[in-house]
Amino acid sequence: MSFKEWFVKRSPLPEMWREHMAEYYAPKNFNIFYYAGSLLLLMVVLQFLSGFLVMAHYIPTARDAYDSVYGIMYDVHYGWLMQYMHVDGVSLIFILLYIHMARGMLYGSYRSPREIVWIIGYTTYLAFMAEAFFGYILPYSNLSYWAGTVITSLFKSIPFIGHWVTTLVRGGAGMSGDTLGRFTALHVTVVFLVIVGLIVFHILYLHKVGSNNPDGIEIKANKGPDGHPVDGIPFHPYYSVKDLFGFGVWLTIFAAIIFYAPTFHHIFLERTMSTPANPLKSLPDVTPPWYLSPFYAMLRAIPNKNGGIILMVVAVLFPFVLPWLDKNPVKSTRYRPITRIMLIIFFINFFVLAYLGEQPPLPKYFFPERLGAVIYVAFFVLLPLVSKFEPTRTPPARVRFRAH
Amino acid sequence: MKKYVVWAGMTLGLLANASGAFAADNGPKMLTPHYTYNAKTIIAGAKLFATDCMACHSIKFMRYEFLTQDLGMSKADVHKYIMLPTGSEFKGTMVSAMPINMAHKWFGLPPPDLSQMVRYKSQDWVYTYLLSFYRDPQRPSGWNNYVFPNVAMPDVLAPYGGIVNEHGKVLRAGDESPQKFKEQVTDIVAFLRFVSDPSVVQRDDDGPWVLGLLVLFTIFAYFLKKEYWKDVK
Amino acid sequence: MSDETQDNKHAPNVTRRRFLTALVTVSGAAVAGTIVVPMVKSLDPTAAAAALATTTIDLNPIEPGMQMVALWQEKPVIVVNRTPEMLATLDETAQKGLLKDPNCNVPQQPPYCKNKYRSRVPEWYVGIKICNHLCCIPHYRPKKASVAPWWLGGFHCPCHGSMYDLSARVIKGSPAPHNMAVPEYDIDVEKKSVVVTKMYPLAHLC
Ligand code: HEM
Ligand code: FES
């Protein structure tokens, strides 16, 4: 008995390989948006590695946190590389998350039978928000301090137990070294493990029902004599080599940012991140990082504290019910022009809200912010109606694909 | 393929616009220093910084040895022009010799560490700030500043640049021509920009190699993908 | 479009695929290298640690016959001010054949300390006070007969009984295999100061 046989006999790996790679049949008509999923996996791995190495030099105390974080750049060999990988990686992950989700919305990937894939995915996105927020606090810069103060005080709005929750989260009346201790623990253990677990289930649930595609038709409905979908191709080698190419392009972009624009005009690494926490001096204006600012804009849109918070929470939670808001039998918006237009307006509106959320809190922005909030909510409210009555084109029987 | 080029173009365009849009800035109009960012300007700035600023300000994240490693200054020059004659270590950090309690007494607060000042405030801000001092007899130090009202710091560069009053009237001409003085301030800004991110040297050195390798990999992967996808009809 | 799936239509060009796979593998490995090498390097001692790497010890307070221990890079460095009588014991231990390595052939010390004193200047012994056996800290026992009737002075380890002479050369019958390590250092006898600069790379601490 060769070693290989000996090993294969007692290992689940060959079976897993077949199930998820060599014999996972995916539609052959994936377009460029379908790179985002595998790129997210790559980025999460890189984020883990760079995170491990910056953590090796980080000291979570109010006195030393800032100096230890900046010490990485000055005193650690290639510390700048680890740090910029970790900082810029966050923004790139959110770019990919938005592309990935927009793809799902454009082609109806959230629809039956992939509701759970969508829900697990969206939960991952929320977990990433939490992970990013905790990470944001760790350098204990002035931005960390005030962002932490503002965000944790949102918990005060929870009825009855708000005050207790806020103190629990902060580990005291205000931000302190104790806050850093628990946020560090959350950032590197609980939240990170939750993300990893969610990603695993995300993929398992997807592979159970199979991938959607830009035409939104089920390839499993049309199987060949060999029992495989006629429009499907094995993930390995076809999509594995394709994703390898995607890795190359994406890493080139990533490296270009790290080497030549590491702060990305201070969008990826804000200026106020470069001055130590100062409880006596609040920031000129506290704005969140770009990837959270659409929701922040909605928070500010309502001139009532709890009202704003409720709107923000609703806005964040709306996508969870998306699978049940869409009533049209056709999935892909390729064949639903009205929904497609609505979606495009929704995406542009999201960008505009992101821009508005970054602006100082001046009255001149209130109207656009409210308009943006209305458009955001209107999309979800109108979708059940529109999807029921909109005219559609008939999707083709087979996926559209031109051989290369 | 052409489709993707168009997409990439659009994305880049968006990002380019976004960078302006997201960096909201209001307040007094800032001047922009014009210079070439290289070892020469940075070293010139380092010398001025050591003589004129380091009496009060630390740049505690920097080490003297970085000036030799990153900028190619000789160890002897660092000793001669940059290091304090007393008690600083070559491998040590560049901290001011002024004791903190003296700072409290003289200025009411310790002068801030300037390691990340350019990254925090922008180089335009630092440049404009250094050029915006004026004589103000009302202030304890005798100085005030347009971009930082009621600043505690005196205009240490006045001997080079001269003294003006609130309305810009020259009270005493500087030892240097206005042209030369601006150059000096620019050099200090260049140095502080370097201090706020010394990795720039290594990034510029390694960047082309890493990017070249990645492009090569991408090209190979592209041909491999094309080859396999010939199967897919 | 036919209804068959791929594969059955044309024979793939296997050599070309192999060749391209090889190219992708090699360049992919290089890409992985550019990520992994800096990552491992980032765990090297930091510049801050390097700045603390040397220690200066003032010899003034150390009277003849006395010793002093300084902490250097989390390790105890011992400096002994040896009297002429103490130096004389170094010949005696060697002549009586008590030592495992009397001539210091194992490079437990920098070349400039490869002598019976195991030091740059005979009077001043500078060494790391860590037992070569399993890293305990031996006691300094300068008095004759303090450990055994034949004891001429030296170091005695409390853990498993390793014995060393006053140059920290290991005595036969000890579990420790080699003499105790001596770091690299500079000594200025006039200014009475020692600067410990770094570990001697060939020496085994324990
Ligand atoms: C780090 C986070 C995530 C990772 C690593 C990840 C990974 C993946 C991967 C590898 C795939 C299969 C390849 C593909 O179809 O692109 C996939 C599919 C999918 N993901 Fe995610 N994903 C993440 C987050 C999300 C989020 C936030 C959502 C939505 C809210 C989401 C929704 C979906 C859906 C609906 C599919 C199926 C797409 C289809 O079949 O058309 N994922 N994901
Ligand atoms: S450690 Fe010293 S004898 Fe074992």
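The values are calculated or read from the model by the stated rules, or taken from the named source; none is laboratory data. These numbers were taken from a predicted model, which means no experiment stands behind them. Cβ sites come from the backbone with ideal geometry, for glycine too, and all protein chains shown count toward neighbours. Heads up: the accessible areas ignore ligands, DNA and RNA and are worked out on the full protein's heavy atoms, side chains in. Shrake-Rupley method; radii C 1.70, N 1.55, O 1.52, S 1.80 Å.
The mean sequence distance of close C-alpha pairs (under 8 Å, at least 6 residues apart), as a share of the length of the stretch A:292-399, puts its relative contact order at 42 percent.
Using a 1.4 angstrom probe on the protein heavy atoms only, line up C:Lys192, A:Lys223 by accessible area, largest first. Provide the component values of the computation, followed by the final result.
Values: C:Lys192 65, A:Lys223 115 Å².
Sorted descending by solvent-accessible area, the residues read A:Lys223, C:Lys192.
Show me the helices of chain A, taken as full DSSP H stretches, that run 15 Å or more along their long axis by Cα and average -1.0 or above in Kyte-Doolittle hydropathy.
Working: long enough: A:35-55 (29 Å, 2.06); A:79-106 (40 Å, 1.06); A:115-137 (34 Å, 1.20); A:142-154 (19 Å, 0.69); A:191-209 (27 Å, 2.28); A:240-260 (29 Å, 1.54); A:305-317 (18 Å, 1.90); A:337-357 (30 Å, 1.95); A:366-389 (34 Å, 1.52).
Helices meeting the criterion: A:35-55, A:79-106, A:115-137, A:142-154, A:191-209, A:240-260, A:305-317, A:337-357, A:366-389.
Counting every alpha-carbon pair across the stretch A:70-185, the share separated by more than 22 Å comes to 51%. In sequence order, the stretch B:45-53 has phi-based couplings of x, 4, 5, 5, 4, 5, 7, 9, 10 Hz under the Karplus curve 6.51 cos²θ - 1.76 cosθ + 1.60, θ = phi - 60°, and Gly or Pro positions carry x.
Calculate the translational D of the stretch A:348-404 in whole µm² s⁻¹ from Stokes-Einstein, where the hydrodynamic radius comes from the Kirkwood formula applied to all Cα pairs, the temperature is 25 °C and the viscosity 0.890 mPa s.
Details: Rh = 14.7 Å.
My calculation gives 167 µm²/s for D.
Are there trypsin sites (Lys or Arg not before Pro) in the stretch A:4-57 that DSSP puts in a loop and that have at most 10 other Cβ atoms within 10 Å, and which ones?
A:Arg10
Adding -39500 (n - 2.57) for every DSSP H run of four residues or longer, then dividing by how many residues the protein assembly as shown holds, sets the calculated 222 nm ellipticity at -15000 deg cm²/dmol. Net charge of the neighbourhood of C:Thr89, taken over other residues with C-beta under 15 Å away and scored Lys/Arg +1, Asp/Glu -1, is +3. Over chain A, the reciprocal of the mean inverse Cα-Cα separation, the Kirkwood hydrodynamic radius, stands at 23.3 Å.
The alpha-carbon atoms of the stretch C:6-79, seen along their principal axes, cover 93, 21, 16 angstrom, with the largest extent given first.
R0 = 22 Å: FRET efficiency of C:Ser146 with C:Ala94, Cβ-based, nearest 0.05?
Plugging the Cβ-Cβ distance into 1/(1 + (r/R0)^6) gives 0.65.
Averaging Cα coordinates gives a centre for the stretch A:1-56 and one for the stretch A:270-308; these two points are 38 Å apart. Between the Cα long axis of helix C:84-95 and the first principal axis of chain C there is an angle of about 70°, rounded to the nearest 10.
How high is the relative contact order of the stretch A:100-174, in percent, counting Cα pairs under 8 Å that sit 6 or more residues apart?
Values: 27 pairs, mean separation 9.6, N = 75.
About 13 percent, as a whole number.
Separation of the stretch C:115-158 from the stretch A:60-125 is 57 Å, based on Cα centroids.
Springs between Cα atoms under 10 Å define the GNM used for chain A, and in it the highest mean-square fluctuation of A:Pro237, A:Pro289, A:Pro159 occurs at A:Pro159. The spread of Cα positions in chain C, taken along each principal axis and listed from longest to shortest, comes to 101, 39, 27 Å.
What ranking do C:161-169, B:178-186, A:145-153 get when scored by the average of other Cβ atoms within 10 Å per residue, highest first? Present the calculation step by step, with values, prior to reporting the outcome.
Working: C:161-169: 24.2, B:178-186: 16.4, A:145-153: 20.0.
Taking the mean over residues of other Cβ atoms within 10 Å, the ranking is C:161-169, A:145-153, B:178-186.
A Förster distance of 51 Å, applied to the separation of the beta-carbon atoms of A:Phe367 and B:Leu211, puts the FRET efficiency at 0.70. In this label model, A:Thr61 and C:Lys191 are separated by 3.3 nm, measuring between points 7 Å along each Cα→Cβ vector.
Can you tally the net charge around A:His100? Count Lys and Arg as +1, Asp and Glu as -1, for every other residue whose Cβ sits under 14 Å from the Cβ of A:His100. Can you show the working numbers first?
Numbers: positive: A:Arg103, A:Arg114; negative: A:Asp243.
Net local charge, A:His100 excluded: +1.
With chain A treated as a Gaussian network of Cα nodes joined by springs under 10 Å, which of A:Leu154, A:Leu96, A:Leu81 yields the largest mean-square fluctuation? Of A:Leu154, A:Leu96, A:Leu81, the Gaussian network model singles out A:Leu154 as fluctuating most.
Comparing C:Gly97, C:Gly153, C:Gly28 in a Gaussian network model of chain C, where Cα atoms under 10 Å apart are tied by springs, the biggest mean-square fluctuation is seen for C:Gly28. From the cross-link list A:Lys156/A:Lys388; B:Lys60/B:Lys180; A:Lys327/B:Lys225; B:Lys75/B:Lys169; B:Lys75/B:Lys180, which pairs have alpha carbons spaced over 32 Å apart? Flagged as over cut-off: A:Lys156/A:Lys388; A:Lys327/B:Lys225; B:Lys75/B:Lys169.
Note on the stretch B:34-208: with neighbouring protein chains present and a 1.4 Å probe, carbon and sulfur make up 55 percent of its accessible heavy-atom surface. Among B:Cys53, C:Cys131, C:Cys159, the sequence by solvent-accessible area, most first, with a 1.4 Å probe is C:Cys159, B:Cys53, C:Cys131.
Computed from the Cα positions only, the extents of the protein assembly as shown along the three principal axes stand at 107, 94, 59 Å, in decreasing order.
If you average the sequence gap of Cα pairs under 8 Å that are 6 or more apart and divide by the length of the stretch C:109-198, what percent do you get for the contact order?
On the way: 160 pairs, mean separation 22.1, N = 90.
Taking the mean separation of contacting Cα pairs over the length of the stretch C:109-198, I get 25 percent.
Scaled to the globular estimate 2.2 N^0.38 Å, the Cα spread of the stretch A:292-399, given as radius of gyration, is 1.22.
Per-residue SASA remark: C:Glu123, around 80 Å² accessible (1.4 Å probe; ligands, DNA and RNA not included).
Partnerless cysteines in the protein assembly as shown, where a partner means another cysteine C-beta under 4.7 angstrom, comprise B:Cys53, B:Cys56, C:Cys104, C:Cys113.
With a sphere of radius 13 Å drawn around the Cβ of B:Val185, what net charge do the other residues whose Cβ falls strictly inside it have (Lys, Arg +1; Asp, Glu -1)? Once all neighbours under 13 Å are counted, the net charge is -3.
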